[in-house]
Amino acid sequence: MSTFHMGLIINPLAGLGGMVALKGSDGVAAEALARGAEPRAEMRTRQALECLQPLVGRIEFLTFPGPMGADLLEEMGFAHRVLGHLENQVTSAQDTRHAVDALQQSGVALILFAGGDGTARDVCSVVRADQPVLGIPAGVKIHSGVYAISPRAAGELVRRLVEGGLVRLASGEVRDLDEAALRDGRVAARWYGELTVPEEGHFMQHVKQAGMESEELVLVDLADWLSDSWEEGVRYIFGPGSTLHGLAANLGMETTLLGVDVIQDGRVIARDVSEQQLFDLVDRHPARLLVTAIGGQGHIIGRGNQQISPRVLRALGLDNLRVVATKRKLGTLEGRPLLVDSGDPELDSAFPDAVRVWAGYKEELLYPLGWGD
């Protein structure tokens, strides 16, 4: 049986800024590490590769030294060849671009890369139009349609490909937000190009639908309902996004558009918190979590809100989660389920098959929930 040759690139810095409330990692990796951020890209890649371990004898990876892939492949027992070298201990966008160029010159069938939208931009800047690639989601903001919905979904999609299953190719858009603008509370997105990606049903995420929520009257209704039902002494965590930002504004509170904020007894007690700050606020204290869905994509956990980590979710209890989404936003999903990708597959599998969605004044919907199985 022939060997399947595949490229692997890990951006070790991807996702560093999420848990420490930096809205991304581009240009702030050193600051994120100084704040106590822990690298997560290797862990996310490991989750994808675990799906391929039954096929370990049928795959040879081509990769790059140390944290860009070689260390993990060696540890997991995959056959691999190491290309190139690293100039510095801390990797850069140029390292990613060099890796893509070398891998496609080596004729690999697929380039698997772990990162976020910035990594997708780097891949897009040098890859040939006909070179199939697939992203393992490991960044903070993932708007591009070139990523699987979770690391495990990426692994399952590759497994299907190696086993000879029919996997069609499609074009996936690469989009990215200006992280400096994000940190100032402004959303500025750009289209950077398209990549050829394997696409198979529910494995791939859709491009995030941009734009501010326009159903102001629905948010007014939701604010009226919430103001009527505040629980004294309970901490309400407002996740990022225009829906919850607009909801807070209608409650007369100033929250951060793209951060995580905590409200108690009608006032904001913590703004733009890190993961550690959030855990300290909810551990052993009654709390409710409000999140919204990314329009067109459906993620409620694991995209732009990494501060809401697995340990935070466990401290809160999954029964204290509520999704806030207008029917218009749910309509952009076209019947696809809401998604969770916390980084902890065991926790993801513990989520219910459907969640309650607050969609209007005293109007709750039951909507299906999925994860990267």
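Checking the structure you have, find out if any residue of segment 158-166 is crowded, with 24+ Cβ neighbours inside 10 Å and either basic (Lys, Arg) or free of Cβ contacts under 8 Å to residues at least 40 places away in the same chain (or both). Step through it out loud before you land on a result.
First, the residues of segment 158-166 that are crowded, with 24+ Cβ neighbours inside 10 Å: 158.
Retained after the next criterion (residues that are either basic (Lys, Arg) or free of Cβ contacts under 8 Å to residues at least 40 places away in the same chain (or both)): none.
Checked segment 158-166: no residue is crowded, with 24+ Cβ neighbours inside 10 Å and either basic (Lys, Arg) or free of Cβ contacts under 8 Å to residues at least 40 places away in the same chain (or both).
Mind listing just one residue for me: the one in segment 253-265 that is free of Cβ contacts under 8 Å to residues at least 24 places away in the same chain and not hydroxyl-bearing (Ser, Thr, Tyr) and, of those, surrounded by the fewest Cβ atoms within 10 Å (Cβ to Cβ)?
Step by step, filter segment 253-265, then rank; the result is GLU254.
Enumerate the pairs (first residue in segment 105-116 and farther than 17 Å from ALA148 by Cβ and assigned by TED's automatic domain parsing to the domain that holds GLY15; second residue anywhere and of a type in the set (Lys, Arg) and surrounded by fewer than 23 Cβ atoms within 10 Å (Cβ to Cβ)) with beta-carbon separation below 8 Å, excluding pairs fewer than 6 apart on the same chain, so at least 6 apart or on different chains.
Final answer for the pair search is none.
Report the residue count in segment 231-252 for those that are buried (at least 19 other Cβ atoms within 10 Å of the Cβ) and closer than 23 Å to ASP283 by Cβ.
Qualifying residue count for the region: 7.
Any idea which residue in segment 230-258 is farthest from the chain's Cα centre (by Cα), counting only those that are charged (D, E, K, R) and assigned to a loop (DSSP other than H, G, I, E, B)?
Result: GLU232.
Mind telling me which of the residues ASP130, ASP101, ASP122 ends up being of a type in the set (D, E, K, R) and either within 19 Å of the chain's Cα centre (by Cα) or buried (at least 23 other Cβ atoms within 10 Å of the Cβ) (or both)? Steps first, answer last, please.
On the way: ASP130 fails: either within 19 Å of the chain's Cα centre (by Cα) or buried (at least 23 other Cβ atoms within 10 Å of the Cβ) (or both); ASP101 fails: either within 19 Å of the chain's Cα centre (by Cα) or buried (at least 23 other Cβ atoms within 10 Å of the Cβ) (or both).
After ruling out the rest, the residue left standing is ASP122.
Scan segment 266-320 for residues that are of a type in the set (Asp, Glu) and surrounded by fewer than 19 Cβ atoms within 10 Å (Cβ to Cβ) and report the count.
So the count comes out to 3.
Counting only residues that are touching an Asp or Glu at 6+ places or on another chain (Cβ under 6 Å) and either of a type in the set (Val, Ile, Thr) or over 22 Å from ALA354 (Cβ atoms) (or both), how many does segment 269-319 have?
Residues meeting the conditions: 4.
Restricting to segment 75-89, and then to whatever is of a type in the set (Gly, Ala, Ser) and in a loop (DSSP other than H, G, I, E, B), can you tell me which residue is modelled with the highest pLDDT?
GLY77
Considering only segment 53-74, I want to know if a residue exists there that is within 19 Å of ALA153 (Cβ to Cβ) and either part of a loop (DSSP other than H, G, I, E, B) or in contact with a Pro (Cβ under 8 Å, 6 or more places away or on another chain) (or both).
No, every residue in segment 53-74 fails to be within 19 Å of ALA153 (Cβ to Cβ) and either part of a loop (DSSP other than H, G, I, E, B) or in contact with a Pro (Cβ under 8 Å, 6 or more places away or on another chain) (or both).
The values are calculated or read from the model by the stated rules, or taken from the named source; none is laboratory data. Every value quoted in this text rests on a predicted model; they were computed, and no experiment measured them. As a convention, Cβ positions derive from the backbone with ideal geometry for all residues, glycine included, and neighbour counts pool all protein chains shown.
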